[in-house]
Amino acid sequence: MFNIVKNIFNKKQPISNTVSMEEIHAMAAEAARRAQQKIGSGQFGQVYEASPGFVVKEIGLENKQNLLNEINMQAKAAELGLAPKIQSASLDLPRIGNMVIPLEPGPNPKMRGDIVMQDLRENYNQVETLTTQQRLDQAKQMARLSLNNISLPDRHAGNVMFNKTTGRPIQLDFGGTSTLKNDRQKASNLARSVAEGLHAAGLKEEAAILHGVVSDFLITDPKAALDIAKQGLSRLQKIKAPIDPGQYAYATVNSPENFISHLG
């Protein structure tokens, strides 16, 4: 997974101080061609058609470590079946048009990145407004990512797609992703996703209980908070579709043992 990056160019390149009219015309033609191939854009890059079955995400300028982190986090999520598989990835010197910009000094310079990945458009589509079922399925995936120490921000209609046949979501755009480094961070992220899933399923009071109990233990006992969040996830995974909350009776919960018992 961590060997996906094929080329990292650290050698400085000369810069042309002048641009000819031929170069300007070539840049304009290339820009027009790329505009026709463009299929999406976001905060962290532009997505273009590549070879058949693949698209390429081009990240014009970003810190080297952020680029490596995005590539590695998407690769890890792809192994879980929650993101498009990466065919190849590379880091290169930043450019303005066809002009190469020398790297900044230091271990974390600004660079250009390319990620070639599966083109999902044949089997997946995007939706503007999620149904309760889609919200439930999305929350389950976010919980699985948290369980695997991945915190994935910036979820919106543009970076989640749903399978046309099964309705199963898949996550796009891993820019800004971070690693959950301890029990407290993991419990907090996991509980938030589980609570969102329970809420989508119609178990609004259980969602509030989970969030409140985990919050109470985050500072004093992060390990217990994480255990409670995991118990909530176990309950959430058993829910296949939104349910009628009227069939459940709710009770006040003030300890991990009572909460786990309450989940049944």
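The values are calculated or read from the model by the stated rules, or taken from the named source; none is laboratory data. Note that this is a predicted model, so its numbers are computed, not measured. A quick note on method: Cβ atoms are made from the backbone with ideal geometry, for glycine too, and the neighbour counts reach across all protein chains shown.
Assorted remarks:
- Failed item in (1) outside the structural domain of Gln46 (by TED's automatic domain parsing); (2) crowded, with 16+ Cβ neighbours inside 10 Å; (3) not in a loop (DSSP other than H, G, I, E, B), with Gln133 passing the rest: (2)
- For segment 140-149, the criterion of being touching a Pro at 6+ places or on another chain (Cβ under 7 Å), surrounded by 14 or more Cβ atoms within 10 Å (Cβ to Cβ) and closer than 25 Å to Lys204 by Cα is met by at least one residue.
- Number of the condition not met by Leu190 [criteria: (1) crowded, with 16+ Cβ neighbours inside 10 Å; (2) under 23 Å from the mean Cα position of the chain (by Cα); (3) more than 30 Å from Gly113 (Cβ to Cβ)]: (3)
- When segment 159-191 is filtered for residues that are in contact with a helix residue (DSSP H, G or I) (Cβ under 8 Å, 6 or more places away or on another chain) and over 30 Å from Arg121 (Cα atoms), the ones remaining, listed by number, are Leu180, Asn182, Asp183, Arg184, Lys186, Ala187, Ser188, Ala191.
- Hey, Pro84 modelled with pLDDT of 95 or more and over 21 Å from Ala207 (Cα atoms) or not: yes
- Residues in segment 206-233 that are buried (at least 16 other Cβ atoms within 10 Å of the Cβ), in a helix (DSSP H, G or I) and more than 25 Å from the chain's Cα centre (by Cα): 6 in all.
- Residue tally, condition among the β-branched types (Val, Ile, Thr) and within 18 Å of Arg135 (Cβ to Cβ), over segment 147-202: 4
- Checked against (1) surrounded by fewer than 20 Cβ atoms within 10 Å (Cβ to Cβ); (2) assigned to a helix (DSSP H, G or I), Arg121 passes all but a single condition, namely (2).
- Any hit, segment 143-166, residues being within 16 Å of the chain's Cα centre (by Cα), without any contact (Cβ under 8 Å) to a residue 40 or more places away in the chain, within 20 Å of Gly53 (Cβ to Cβ) and in a loop (DSSP other than H, G, I, E, B): no
- Among the residues of segment 120-145, those that are closer than 17 Å to Asp173 by Cβ and not charged (D, E, K, R) comprise Leu120, Tyr124, Asn125, Gln126, Val127, Leu130, Gln138, Gln141, Met142, Leu145.
- Among the residues making up segment 114-137, those that are within 24 Å of Lys85 (Cβ to Cβ) and touching a residue at least 40 places away in the same chain (Cβ under 8 Å) are Asp114, Ile115, Val116, Met117, Gln118, Asp119, Leu120, Arg121, Asn123, Tyr124.
- Taking the numbered list (1) exposed (fewer than 15 other Cβ atoms within 10 Å of the Cβ); (2) touching a helix residue (DSSP H, G or I) at 6+ places or on another chain (Cβ under 7 Å); (3) within 30 Å of Phe162 (Cα to Cα) in turn, Leu91 passes all entries but (1).
- Condition met for Arg184 (of a type in the set (D, E, K, R) and under 17 Å from the mean Cα position of the chain (by Cα)): no
- Scanning segment 90-106 for residues that are assigned to a loop (DSSP other than H, G, I, E, B), out of contact with any Ser or Thr (no Cβ under 9 Å at 6 or more places or on another chain) and in contact (Cβ under 8 Å) with a residue 12 or more places away in the chain returns Leu93, Pro94, Gly97, Ile101, Pro102, Leu103.
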